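The values are calculated or read from the model by the stated rules, or taken from the named source; none is laboratory data. Bear in mind that the values here come from a model prediction, so they are computed numbers and not experimental data. All Cβ positions, glycine included, derive from the backbone under ideal geometry; neighbour counts span all protein chains shown.
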Amino acid sequence: MEVLPKKFYERDPAKVAKDLLGKLLVRKINQTQLIGRIVETEAYYGKEDPASRAVLGRPKYCVKFLYDVPGKVLIYNVHKYWLFNVVAHQPKKAGAVLIRAIEPIKGIEIMKRFRKVKNLKELTNGPGKLTQALQITKELNGSFVTQSNSPIFIIKGKKVNFKISKSKRIGVSKDLPQKLRFFILGNEWVSK
DNA sequence: AGGAAGATCTACT
DNA sequence: GTAGATCTTCCTA
């Protein structure tokens, strides 16, 4: 199991978001491991990005986080759901990557119990859904996905071939002109 | 206490 | 598919 190093996250958020596709997200609960393959991400920048949480009027703790150490986990609540982000940016910049969807790999039965849903495709095909399936809550805030002893981390996994596609971000009222949402083309768990 | 939120679900045309 | 209601959870005052 090869954990992605901090250096991986010390780059342009859009690059990190794109490169995270196909990687494995590992959630450790006691001795159990839940694993999902990352199939959809979005990049967010600093205050030059109107959709970013670094802009004025957003909670301060989020702003601070965006400037924090790359590889750190940022979790916040939207409506009644949790969203899972990883801090990613170049030195002295701000940014993060939002994990929007994963493909369940291991611990599927456990995920189903957490989500209370019958359809496998509905298990983790959205940012609020995957946090439910993996029991991701505020408690994981501040962990590092770069450490294999943290309750959640990201590993390289097997090399698999796939096509990457991109689009504009979802649910964002004031978006940047660039396309900052990345996903694996044709994957069943990509949200719509 | 209040307000705001990067979503989800349900129930329809 | 798409629109509308949802009514939780946290931070800041």
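Search the range A:52-64 for residues that are of a type outside the set (Gly, Ala, Ser) and pair each with any residue that is within 8 Å of DNA strand C (Cβ to nearest atom) and in a helix (DSSP H, G or I) when their beta-carbon atoms are under 7 Å apart and the residues are at least 6 apart or on different chains.
Listed pairs, sorted by first residue: A:Arg53/A:Cys62; A:Arg53/A:Val63.
Among the residues of the range A:29-43, are any more than 19 Å from A:Glu139 (Cβ to Cβ), under 14 Å from the mean Cα position of the chain (by Cα), surrounded by fewer than 21 Cβ atoms within 10 Å (Cβ to Cβ) and not hydroxyl-bearing (Ser, Thr, Tyr)?
Scanning the range A:29-43, I find at least one residue that is more than 19 Å from A:Glu139 (Cβ to Cβ), under 14 Å from the mean Cα position of the chain (by Cα), surrounded by fewer than 21 Cβ atoms within 10 Å (Cβ to Cβ) and not hydroxyl-bearing (Ser, Thr, Tyr), so the answer is yes.
Considering only the range A:56-81, how many residues are more than 8 Å from DNA strand B (Cβ to nearest atom), of a type in the set (Phe, Trp, Tyr) and modelled with pLDDT of 90 or more?
Here the count works out to 2.
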